[in-house]
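Student: The structure is given below, and queries will be raised subsequently.
The values are calculated or read from the model by the stated rules, or taken from the named source; none is laboratory data. As the structure is a prediction and not an experimental result, all values here were calculated from the model. Cβ atoms come from the backbone with ideal geometry, glycine included; neighbour counts cover every protein chain shown. Ligands, DNA and RNA are excluded from the accessible area calculation, which covers all protein heavy atoms including side chains. Shrake-Rupley method; radii C 1.70, N 1.55, O 1.52, S 1.80 Å.
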Amino acid sequence: VLVEASRVDYDQTESLVIATGNVEVTQGDTILLADALIYDQKRDEVWVKGNVSMLEPSGHVYFADEAQLKDNMKAGIIQQFKARLSDDSLFAAAQAKRVDENTVELRKAVYSPCKVCMSKGKPESPQWQLKADEVTIARDDQKVYYHDAMMEVYGVPVIYTPYFSHPTPGADNQSSLLMPEYAHTDNLGSVYKIPYY
């Protein structure tokens, strides 16, 4: 592990390493950035706070206000979680629990592969998004699982399902629903279709 920061202090009595200012932690191919970091050597836990971002070898980038990590940053709890996955899709959640390096559990989560557009300086609702009480990202299964999910189109709820899943970015080809398409013509009026692969 390589730690770089504007200032690094060591508390011998409590076995704490305290880093502040432009903190950068490199462990293998994973890079963690934050404003401040506290490493408790006795409990092998890391607390990071302020502008937290973590870049993984897969290309996923995670963002948070603060996080508590353990097991060499492979597990932990992240508050106000946001993620940009390798395919540019977005996740946001009130809380994320990283169970291990292959499983992330989200609470009160939103997912959308659509780009967020700005209107008058404020973000608009994406073309479509999924909202769910619980989401599990399982890399081993190459799946994202949703419980109590609602699909919204331009911010309007259109479909509720107690259970839904789709492949993770970069997963092997699988049968699934494809990106919904919306069109409006003079002959047919509004047309909404969901292709299936």
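Student: Given charges of +1 on the Cβ of Lys and Arg and -1 on the Cβ of Asp and Glu, with all other atoms neutral, how large is the dipole of the stretch 1-77 about its Cα centre, in debye to the nearest 20?
Tutor: Using Cβ point charges on Lys, Arg, Asp and Glu, the stretch 1-77 gives about 80 debye.
Student: Beyond 16 Å, what percent of the Cα pairs of the stretch 1-118 remain?
Tutor: 61 percent
Student: Amide H of Thr168 versus every other amide H placed in the peptide plane: which residues, excluding those fewer than 5 positions away on the same chain, fall under 5 Å?
Tutor: Result for Thr168 returns Lys143, Val144.
Student: Short version: ³J(HN,Hα) in whole Hz for each residue of the stretch 172-188, in order, from phi by Karplus 6.51 cos²θ - 1.76 cosθ + 1.60 (θ = phi - 60°), x for Gly and Pro, what are they?
Tutor: Result, ordered by residue: 4, 4, 9, 5, 5, 6, 9, 4, x, 10, 10, 8, 9, 10, 5, 6, 9 Hz.
Student: I need the phi-derived Karplus couplings for the stretch 136-146: 6.51 cos²θ - 1.76 cosθ + 1.60, θ = phi - 60°, integer Hz, Gly and Pro marked x.
Tutor: For the stretch 136-146, the Karplus-derived couplings read 10, 9, 10, 5, 4, 7, 6, 9, 10, 10, 10 Hz, x marking Gly and Pro.
Student: Let me ask something else. Calculate the dipole size of the stretch 54-197 relative to its Cα centre from +1 charges on Lys and Arg beta carbons and -1 charges on Asp and Glu beta carbons; express the result in debye to the nearest 20.
Tutor: So the magnitude is around 340 debye.
Student: Projecting each Cα onto the charge dipole of the chain (Lys/Arg +1, Asp/Glu -1 at the beta carbon, about the Cα centre), which of Ser190, Thr30, Leu178 comes out farthest on the positive side?
Tutor: Ser190
Student: Please list 3J(HN,Hα) in residue order for the stretch 62-77, calculated via the Karplus relation 6.51 cos²θ - 1.76 cosθ + 1.60 where θ = phi - 60°; whole Hz, with x for glycine and proline.
Tutor: 10, 10, 6, 7, 7, 8, 10, 10, 8, 6, 6, 6, 8, 9, x, 10
Student: Loop-only check: which GluC sites (Glu not before Pro) in the stretch 131-181 are DSSP coil with at most 14 other Cβ within 10 angstrom?
Tutor: Passing both the DSSP loop test and the Cβ count: no residue.
Student: Given the protein chains as shown and a 1.4 Å probe, how many square angstrom of Lys108 are accessible, to the nearest 10?
Tutor: 130 Å²
Student: Give me P(r) over the chain, computed from all C-alpha to C-alpha distances, binned every 10 Å, as integer percentages.
Tutor: 8, 31, 30, 18, 9, 3, 1, 0
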